[in-house]
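Beneath this line is the structure, given in structure tokens, with notes to follow.
Nothing in this text is a laboratory measurement; each read-out follows from the coordinates by a stated rule. Source: prediction; values computed, not measured. Glycine gets a Cβ as well: all are built from the backbone with ideal geometry, and neighbour counts include every protein chain shown.
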Amino acid sequence: MAERVEVSGGEPEPAAPPASVTAAVVTAPGRGTREVVLASTVVMPAELVPEPDTAPGVPAHEAPLPVGRAVAGERWVARVLRAGAIMSGGMFLLSLVLEALPRSQAVHVAIDLLRKGAASMLLVTPVARLAVAGTLLGVRGEWRYAAIAAGVLGLLAVAVGAGFQA
Amino acid sequence: MLLLMAAGGLAGGLGALLGIGGGIVLVPVLVLGFGIPMEQAVPASLMCVVANSCAAAASYVENKLSDIRLGLTLELATVLGAIVGGLVAAYVAEATVAIVFGLFTLYVALQMLLVRAPRQEPMTAANYVPSNYPLGISGSFVAGGLSALLGVGGGPLKVPLMAYGMRVPFKVASATSNLMIGVTGAASVAAYAWRGHLDLTLVSPLVVGVLGGAVVGSRLMPKVPTAVLKKLFAGVLLGVAGQMLWKGGAGLWPSVLR
């Protein structure tokens, strides 16, 4: 049985990248002892070529997610929240500004519409965030969390439908 | 109107800093300071909790302070608890629950004020692992039930639960609570709005103030030392404990406290 281990050799210097040495770890079957062979150049079998997304020395299942996708997911959740807050806040603020105008039927209707729209926007935003987070986690393959998000949305629908205060 | 905006700004800033939404500040201010009836103050403050959550959590999620996965898990238990709380509300003595909850928050507040945490806390959601999920889930279930029974937000219970029960860093617990309270708050407001109890004339200046306060609070929170946040949180918990004990006392001994 053989394992591939990447070892960085020597002290890293600021200007030059550290030299890389490949070590092959060989285990004698049935005896529990290991013979370590260090060499400057070792020809690796094809199946042991490192995977591009896997950090050196870290098993594939423990490797962090590719940074771009992880960051993109969080950014989308943040964007949904921020957009909802800014749009509803802007509409509420505009309704307050309109209150300073001389009262007429048109102004009254505009204020009413703006406030109802802003309130609806504000209430939908956290639910949309939940849906976006669940979808993005599902896209990343984290089905457990996607299912939890779906479960929360379903329970919220039940709670609101039944008139409970969650 | 400017005073309402200022009250909203204060509640938004404090809520964003501590992950409690700000309702605990707003309701007494609206009722005692502005003479607004409780029936209007509660849904208005819940609307502010939603606004606070949206504005503050956007920043926290971007800065990786909110733990989305942990939030989703505890959210499920909270909503389930709220539904169960709503179902059993008719069979539970509200005053007794309020007193038990008041004593519990008093204990947690004193614990936070008097006991020093020796551990060094990581700054983001990236470099820690929450522990004791069964406690966190069952505690969130209870928090949801209390929310339905007593009308208190889950934040004052969930932040200590995550920070002390699940060993989540305090700032991450606060930011994650901020993310969660928006969903539960929105569901509560929707229930009030459908019954026609939401006064948008009152809500408008409050939400504008809360959004401003939440933006400031969410920018301040990463810079404020954790020890200061804990002391502030303990102060707020003392306020919650006082409110709950008063509410429970008024229910059990109305002739003395009313």
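The trypsin sites (Lys or Arg not before Pro) of the range A:76-166 that DSSP puts in a loop, and whose beta carbon has at most 12 other beta carbons within 10 Å, are A:R103. Shown in residue order for the range B:96-108 are the 3J(HN,Hα) couplings computed by the Karplus curve 6.51 cos²θ - 1.76 cosθ + 1.60 at θ = phi - 60°: 5, 4, 4, 5, 4, 5, x, 5, 5, 5, 4, 4, 5 Hz (x for Gly and Pro). Think of the range A:69-161 as having a plus end and a minus end, set by charges on the Cβ of Lys, Arg, Asp and Glu; of A:L156, A:F92, A:V80, A:V80 sits farthest toward the positive end of this dipole.
Taking the Cβ of each residue in B:D199, A:D112, B:D67 as the centre, tally the other Cβ atoms inside 10 Å and list the residues starting with the fewest.
A:D112, B:D199, B:D67
The helix-based estimate of mean residue ellipticity at 222 nm for chain B, built from -39,500 (n - 2.57) per DSSP H run of four or more residues and divided by its residue count, is -25000 deg cm²/dmol to the nearest 500. Annotation: the residues B:I20, B:I137, sorted from fewest to most other C-beta atoms within 10 Å of their own C-beta, follow the order B:I137, B:I20. Taken about its Cα centre, the range A:69-161 carries a charge dipole of about 240 debye when Lys and Arg each add +1 at the Cβ and Asp and Glu each add -1 at the Cβ. Taking Lys and Arg as +1 and Asp and Glu as -1, the other residues whose beta-carbon sits under 12 Å from that of B:L76 total +1.
Sort B:Y133, B:Y192, B:Y60 so that the residue with the fewest other Cβ atoms within 10 Å of its own Cβ comes first and the one with the most comes last.
On the way: B:Y133 14, B:Y192 19, B:Y60 29.
Arranged by neighbour count, lowest to highest, B:Y133, B:Y192, B:Y60 become B:Y133, B:Y192, B:Y60.
Classify the range A:69-161: rounded, prolate or oblate, from the alpha-carbon gyration tensor (a ≥ b ≥ c, eigenvalue square roots; a/c under 1.5 rounded; otherwise prolate if a/b is larger than b/c)? Judged from the Cα gyration tensor, the range A:69-161 comes out oblate (a/c at least 1.5, b/c at or above a/b).
Between B:M1 and B:V31, what length comes free when the chain is fully extended (0.36 nm per residue of separation minus the Cα-Cα distance, one decimal in nm)? Intermediate values should be presented prior to the final figure.
On the way: separation 30, 0.36 × 30 = 10.80 nm, distance 1.54 nm.
Contour length minus the Cα-Cα distance gives 9.3 nm.
If R0 equals 35 Å, the separation of the Cβ atoms of B:D199 and B:W246 corresponds to a calculated FRET efficiency of about 0.90. Electrostatic bookkeeping for B:Q40 treats Lys and Arg as +1 and Asp and Glu as -1; over the other residues with beta carbon under 14 Å from its beta carbon, the sum is -1.
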